[in-house]
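Trainee: Take this structure first; my questions come after.
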Amino acid sequence: MTRIVAGESQTPKRRRALEVALAVGLVLLISVGAVVASAVARDSNASAAPDAAGTPAAELKLGYFGNITHAPALVGVKQGLIAKNLGDTKLSTQVFNAGPAAIEALNAGAIDATYIGPNPAINSFVKSKGESVSVIAGAASGGAQLVVKPEIKSAADLKGKTLASPQLGGTQDVALRAWLGKQGYKTTPDGGGDVAINPTENAQTLKLFQDGKLDGAWVPEPWASRLVLQAGAKVLVDEKDLWDGSLTGKPGEFPTTILIVNKKFAAEHPQTVEALLKGHVQAVKWLNDTPSAEKAAVVNAALKQDAGKALAPNVIDRSLKNIVFTVDPLAGTYKKLLQDGVDAGTTKQADLNGLFDLRALNSVATEKITAAGLGQD
């Protein structure tokens, strides 16, 4: 309440009202200015975002295995095809033995992209609820077999036997468990059940089989060929015989090796991902166009560098004949691959929509590759 005494005019009251109005106006002006500045900043950030997202990475850290099924990586790296397409982006590489280890490195940021089997990629996608990885290309189909001691004549002879796979939850591990399940056998991730499965490093699998401590193994090339040609194993199951083509239109083909990328890296550096894919497509073309002798020599030299030892000529020849090199990830097979992992107890049922992003691949490939409704193409 304002007290007015005799002789005092109304001017101070009006002045105070004016001062209050001016103060309120100033506050409103500052508020409006902040809103405008915020809007300008948002517009500035929005316009800057595509530029930031389009910036090539300073470095691409790429993973792959020292296996013939990873020949597109071996050729792409050793022949300089990937590095050439990357331009000023530095290429760093890391060699892995099996998929789960590569996925762990990818999710930890130790690598940005990797060649890998499909099941570890599915596991990562499922566990992260679709946030971790995208499948951006295929690399190889086929080249995986269950090889066993000669006295094992059929699936009925496997009860109580011990078999190996490269790593728990890996592509061959899941394939083995799923196949055994269809034969009526129970297996557990800890090695129990009707048939014991011991996830074992491939080189150790060869030695253990030679020492009589394993009855067989479901392994990728060149290890299937090494067990057959150097350890006296025989083929009980060639995995290509389990795929009739009903899911892909390509009988006998199933994904053995694919190329995946960390989603955050891909969002920040799409040009780098496209450059990687250009080199990858060229490597697959080289493998399909090059005469057998030259191809074997180049791949063998790369294996010697990454795995420490070249393969015998008959091993590399047999291995290469068992593999189809393709940029198609064969997306139509993935629901079955997921179900196999669920049945094997190594993954959970999930929606795979969003697993594939083949847009960059289709911008550089000569054929249209489909995501089979599980992503963008």
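Trainee: Just need the relative contact order of the chain here, percent rounded to a whole number, with Cα pairs under 8 Å and 6+ apart.
Mentor: The normalised contact order for the chain reaches 24 percent.
Trainee: Could you do me a favour and compute the accessible area per residue for segment 54-101, 1.4 Å probe, result in Å²?
Mentor: Counting only protein heavy atoms, the per-residue value for segment 54-101 is 36 Å².
Trainee: Another question, then. Choose one of Trp223, Leu158, Trp179: the residue whose Cα lies farthest towards the positive end of the charge dipole of segment 137-257 (beta-carbon charges +1 Lys, Arg; -1 Asp, Glu; about the Cα centre).
Mentor: Leu158
Trainee: Counting only C-alpha contacts under 8 Å and six or more residues apart, can you give the relative contact order of segment 184-259 as a whole percent?
Mentor: Contact order relative to length: 14 percent.
Trainee: On to the next question. About its Cα centre, what dipole magnitude does the chain give when the only charges are +1 on Lys and Arg Cβ and -1 on Asp and Glu Cβ, stated in debye to the nearest 20?
Mentor: 720 debye
Trainee: I would also like to ask the following. For Thr200, list long-range residues whose amide hydrogen, built 1.01 Å from N in the peptide plane, is under 5 Å from its own amide hydrogen.
Mentor: Close amide H contacts, sequence-distant or interchain: Ser165, Gln167.
Trainee: Please label the shape of segment 68-153 as rounded, prolate or oblate, based on the square roots a ≥ b ≥ c of the eigenvalues of the alpha-carbon gyration tensor (a/c under 1.5 means rounded; beyond that, a/b larger than b/c means prolate, else oblate).
Mentor: Judged from the Cα gyration tensor, segment 68-153 comes out oblate (a/c at least 1.5, b/c at or above a/b).
Trainee: Sticking with this one: Between Glu104 and Glu367, what FRET efficiency follows from the Cβ-Cβ distance if R0 is 30 Å, with the result rounded to 0.05?
Mentor: Efficiency for this residue pair is about 0.35.
Trainee: Kindly give Rg over Rh for segment 188-297, based on alpha-carbon atoms, with the Kirkwood expression for the hydrodynamic radius.
Mentor: Across segment 188-297, the Cα-based Rg/Rh ratio is 1.06.
Trainee: Moving to a separate point now. Would segment 144-242 count as rounded, prolate or oblate if I go by the C-alpha gyration tensor, calling it rounded below 1.5 in a/c and otherwise prolate when a/b exceeds b/c, oblate otherwise?
Mentor: Rounded shape, in that the Cα axes give a/c under 1.5.
Trainee: Got a number for carbon plus sulfur as a percent of segment 144-242's accessible area, 1.4 Å probe?
Mentor: Carbon-and-sulfur percentage of accessible area, whole number: 48.
Trainee: Ok, one more. Principal axis lengths of the chain from Cα atoms, whole Å, largest first?
Mentor: Computed over the chain, the largest-to-smallest principal extents equal 123, 46, 37 Å.
Trainee: Describe numerically, in nm with one decimal, the distance between label points set 7 Å from Cα along Cα→Cβ at Thr188 and at Asn353.
Mentor: Label at Thr188, label at Asn353, 3.7 nm between them.
Trainee: Cross-link partners among lysines for Lys61, C-alpha distance below 17 Å, same-chain residues fewer than 8 apart left out?
Mentor: Answer for Lys61, where 17 Å is the Cα cut-off: Lys78, Lys84, Lys90, Lys263, Lys264, Lys278, listed by chain and number.
Trainee: Each label point is 7 Å from the Cα along the Cα-to-Cβ direction; what then is the distance between the points at Ala293 and Glu151, in nm?
Mentor: 4.3 nm
Trainee: Same structure, new question: Tell me what the chain gives for mean residue ellipticity at 222 nm when only DSSP H runs of n ≥ 4 count, each as -39,500 (n - 2.57), the sum divided by the residue total, rounded to 500 deg cm²/dmol.
Mentor: -14500 deg cm²/dmol
Trainee: Hey, in the GNM for the chain with a 10 angstrom Cα cutoff, which one of Asp88, Asp238, Asp112 fluctuates hardest?
Mentor: Result: Asp88 has the largest fluctuation of those listed.
Trainee: Still on this structure, please answer the following. Quick check on packing: order 194-203, 354-363 by the mean number of other C-beta atoms within 10 Å, highest mean leading.
Mentor: Descending packing order for the listed peptides: 354-363, 194-203.
Trainee: Using the heavy atoms of the protein chains and a 1.4 angstrom probe, tell me the accessible area per residue for segment 256-371 in square angstrom.
Mentor: 45 Å²
Trainee: Measure nothing but the geometry: give the 0 to 90° angle between the long axis through the Cα atoms of 292-307 and the longest principal axis through the Cα atoms of the chain, rounded to 10°.
Mentor: In the chain, helix 292-307 runs at an angle near 70 degrees to the longest axis.
Trainee: Solvent-accessible area per residue for segment 144-242 at a 1.4 Å probe radius, Å²?
Mentor: 40 Å²
Trainee: Classify segment 224-377 as rounded, prolate or oblate, taking a ≥ b ≥ c as the square roots of the eigenvalues of its Cα gyration tensor: rounded when a/c is under 1.5, otherwise prolate if a/b is larger than b/c and oblate if not.
Mentor: oblate
The values are calculated or read from the model by the stated rules, or taken from the named source; none is laboratory data. Predicted model, so just to flag it, every value in this text is computed and none were measured. A quick note on method: Cβ atoms are made from the backbone with ideal geometry, for glycine too, and the neighbour counts reach across all protein chains shown. When the accessible area is computed, the model is the full protein with side chains, heavy atoms only, and any ligands, DNA or RNA have been set aside. Shrake-Rupley method; radii C 1.70, N 1.55, O 1.52, S 1.80 Å.
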